[in-house]
1. May I ask you to compute the full-extension gain from Glu482 to Thr408, defined as 0.36 nm times their residue separation minus their alpha-carbon distance, rounded to one decimal in nm?
2. Straight-line reach from Lys100: which lysines fall under 18 Å, measuring Cα to Cα and dropping same-chain residues less than 8 apart?
3. Taking R0 as 56 Å, what FRET efficiency do you get between Lys43 and Glu574 from their Cβ-Cβ distance, rounded to the nearest 0.05?
4. Exceeding 21 Å between C-alpha atoms, which entries from my cross-link table qualify? They are Lys207/Lys312; Lys207/Lys245; Lys629/Lys685.
5. Starting from the Cα of Lys382, draw a straight line to each of the aspartates and glutamates and keep only those under 16 Å, dropping any in the same chain fewer than 8 residues away.
6. Based on the Kirkwood radius over alpha-carbon pairs, what value in µm²/s does the Stokes-Einstein equation return for the translational diffusion coefficient of the stretch 76-312 at 10 °C and 1.306 mPa s?
7. Counting DSSP beta bridges with both partners in the chain, what percentage is antiparallel, nearest 5?
8. So what is the relative contact order for the chain, in percent, with contacts set as C-alpha pairs under 8 Å and at least six apart?
Amino acid sequence: MSNAKQEIEAIRREIEEHDYLYYTTATPRISDREYDALFKRLKDLEAAHPELVTNDSPTQRVGEKPIDGFSHVDHAVPMLSIDNTYTADELREFDGRVAKALGDESYAYIVDPKIDGVSATLRYENGLLVLGATRGDGKTGDDITANLRTIRSIPLKLRGSGWPSVLEVRGEAYWPRGAFDRHNEARIANGLEPFANPRNATTGTLKSLDTQSIADRGLAFIAHGAGEISGASFESAADFFEALKAWGIPTTKHQEVCTSIDEVIVFVETWDEKRHGLEYETDGLVVKVNDLAQRDRLGTTSRYPRWAIAYKYAAEQGETILRAVDYQVGKLGTITPRAVMDPVQLSGTTVRHASLHNFDQVERLGIEHGGLHENDVVLVEKAGEIIPQVVRLVSPGSPRGRKIEPPTVCPICKGDVARDEGGVYIRCVNPTCDAQIKERLKYFCGRDQMDIEGLGDVLVEKLVDLKLVESFADLYTLADQEAAIREIEIEQQRKHGDGVKTSIVKFGEKRTTKLLDGVEKSKGQSLSRVLAALNIRHVGGSSAELIASHFGEMEKIAAATEEELQDVDGVGPEMAKSLRSFFESEAGTQLWRTLAARGVNMTQPESTTASPDSPAAGKTFVVTGTLQKYERKEIETLIKQMGGKATGTVSKKTDFLIAGDKAGSKLEKASRLGVTILSEAEFIKQFLSE
């Protein structure tokens, strides 16, 4: 026992050292194979001596079972936002405010990259990680300790000595580009839809309840600030970050201390090119007063520290030549034009396609030059550093090509098209259009609808192309096509040497079994999910739940008149008309009855009755804008659990509007109608605080 304990402790120290060298100093000393062998030896020893397993062991990063959910935690020190600036003049204005507040004192700035990740805080007590949480609303966040423990760059136990009794480290969790790309390659190989971008994927990962499913994703963490600290003090931020490095917490190696705002501006200008070579997305730099005592004197506003500012670079733009326009057909038949261009480098990526949004936008872009034509020179930018879009026509092409006109037939099925009445969109009106079928199927199978595991976008495309699926109902006869599904050929990408090798493989037995199990499981989804999945125009997830809860059965919804449908809070004339149109159509009736005949549930479970004393009981809420602590669906679920109703439309029946950032027309309408308007924080205080 004594020998086993000594060997376990020695291996743990060795693994912790190698984690530090790999993740914090980027100077690994052993190969991945040697590291894996060490890790396996530790697991074997701990399996033989379970009484020697400790919570800070490297083997304990991943929990054995999914967690039940996330509890809320109050931040000891608020996690404030940072105000933005976009020009050198605005940086000088910020410097002027600092200089005025500090009087004759000299001061310096510490500058580091503004990482486009997910803000998180780590709390260490006596050197051990005891809590990890999201930013939330700045005062209260979600406890995501279990998920942050899976990030190998986050030490479970601090290195060295001299650390404070309490140390809160603020930073960004992010998905390194290389690890993100490799994970997407694996998803594609398994017939799943790739993640759109690292930041959104990181958010989703940190909200997962199953740590085992996310442990191998390769997320990382970089510290950029502090929260509560007890038992130690630092004169400057630079000193604090040096201490963090010694304790094994990753910090950026691109940090710079500048003695004047002129030095800051020079750094800003030189950094614009360098930032595209980083392993993480970044759209700017954060400039902070270095001296911590001066920060205290400068103080904060209710939202921002007065000692910090973020400099954000303008969306990168580039000129290129428009060669053609292709078309994407959505699940409701919407035809969206997309520019096909000569390759142009933007934000470190090669861009060949860009959004043109709609044909009214195409017309506006070319209005001064007789329309937009092939071979025209256009200006393209990456909006939000993610989505490329055409900003304007720079000059007519030479020679000028074909004029870009709205299609007169569907580009996929060649069926009829029509423009929305009073709208800007052109739609394919052929319900059997393959492109629409594919998009509707992708939506039907999505996480918020039928949630069919194993049925990603790539496989949907294949199933429709092979005529194995032509409608939602066909999904529930796929078991009869098992042999054909196994033989479907898909592309599989694997890293080989310096590049990625693409090979064609069969879908195979394992993936087919997973798919069919996912289809069978989806039969038990609630009526509200089935109704949402049917893709009836104007009927989203929230309204589907209200309708399903009101009527209880699909049969009753199908028989309801427009007036009866409008008795449901949140259902207006347009939605009611759309529902009646669907259920009165032969195709709609046949679809839901066929789904029912194939075993899909058509009833809504009775909701748990909330306490009549709940302050939300019987009240109607509308949520709008961007929230900080909750996703919109999460806050709507909380409202329903408290006995309230969450609708998507503001009316005289609405009791409360919860307004986040960038709340628009719903906020204006609520003000006109005299509806009580709450911020997210006010809602939490009034309805969720104990």
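Read-outs throughout are calculated quantities, based only on the coordinates presented, and are distinct from any laboratory measurement. From a predicted model like this one, the values you see are computed outputs, not experimental measurements. Using ideal geometry, Cβ is built from the backbone for each residue, glycine included, and neighbour counts are taken over all protein chains shown.
1. Difference between extended and current length: 22.7 nm.
2. Within the straight-line limit of under 18 Å, Lys100 reaches these lysines: Lys288.
3. Here the calculated transfer efficiency is 0.40.
4. Beyond 21 Å between Cα atoms: Lys207/Lys312; Lys207/Lys245.
5. Cα-Cα hits under 16 Å: Asp116, Asp272, Glu273, Glu281, Asp283, Glu316, Glu319, Asp342.
6. 85
7. Counting DSSP beta bridges with both partners in the chain, the antiparallel share is about 85 percent.
8. Working: 1244 pairs, mean separation 66.0, N = 690.
Normalised by residue count, the contact order of the chain is 10 percent.
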